[in-house]
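Since the structure comes first, as structure tokens, the remarks are kept for the end.
What follows is calculated from the coordinates using simple rules that are stated; it is not laboratory data. Computed from a predicted structure; not experimentally measured. Virtual Cβ from ideal backbone geometry, glycine too; neighbours counted across all protein chains shown.
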Amino acid sequence: MEEVAEAELHALGVSLTERVPGGVYFQGDQDALYKAHLWLRTGNRILLILRSFPVRNPDELYENIARFKWETFLRPGLTFAVDCTISGRASPSLNHSHFARLKAKDAIVDRLRDRTGSRPDVNTE
């Protein structure tokens with residue numbers, strides 16, 4: 001299906017693509033993102049990478065996530081969920097997806113509480 005999804009992206013005018021197992025990475029402007037959301041028939045979800053960084057331990061994960069301006073996207077009264085997948089290159093001190101997910105959730109909640117004075121709700125589903 002990756003080949004078909006990539007062809008659909010090309011038909012939408014997206015030229016910077018890379019097939020990976022289970023998906024297709026693509027680069028584009030906001031127009032390309034909207035077109036993909038509206039017109040892709042083979043992709044069942046689109047993940048927007050907001051930030052990427054290497055992590056060697058739980059503290060680095062927390063600090064890098066807490067630096068992101070989450071208040072741009074989330075505000076008091078909204079609910080959010082965190083999902084996490086650990087790759088084969090994970091560090092020995094950060095090799096369990098549930099633990100990584102909790103560290104990420106804590107960083108986001110702490111950042112929002114510090115910036116807005118209110119703690120957002122977390123939806124575990």
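Applying 1/(1 + (r/R0)^6) with R0 = 22 Å to the Cβ-Cβ distance of residue 44 and residue 81, what FRET efficiency is obtained, to the nearest 0.05?
Result of the calculation: an efficiency of 0.80.
Which distance in nm do the two modelled labels at residue 69 and residue 53 give, with both placed 7 Å along the Cα-to-Cβ direction?
1.5 nm
Across region 24-37, in residue order, what do the Karplus-derived ³J(HN,Hα) couplings come to in whole Hz, using 6.51 cos²θ - 1.76 cosθ + 1.60 with θ = phi - 60° and x for Gly and Pro?
9, 7, 9, 10, x, 7, 4, 4, 5, 5, 5, 4, 4, 4
Add -39500 (n - 2.57) for each DSSP H run of 4 or more in the chain, then divide by its residues: what number comes out at 222 nm, to the nearest 500 deg cm²/dmol?
My calculation for the chain gives -12500 deg cm²/dmol from helical runs alone.
Can you give me the Kirkwood hydrodynamic radius for the chain, using every pair of distinct Cα atoms, in Å to one decimal?
16.6 Å
Hey, what did region 5-68 get for relative contact order, percent, Cα under 8 Å, at least 6 apart?
Reported relative contact order: 26 percent.
Packing-wise, with mean Cβ within 10 Å as the measure, how do 10-20, 44-54, 99-109 rank, highest first?
Averaged packing, sorted descending, gives the order 99-109, 10-20, 44-54.
Suppose a student asked you for the relative contact order of the chain, using Cα pairs under 8 Å spaced at least 6 residues apart; what percent would you report?
Computed over the chain, the figure is 22 percent.
Can you tell me how much longer the chain between residue 96 and residue 27 gets when fully stretched, taken as 0.36 nm per residue apart minus their C-alpha distance, in nm with one decimal?
Full-extension gain reported as 21.9 nm.
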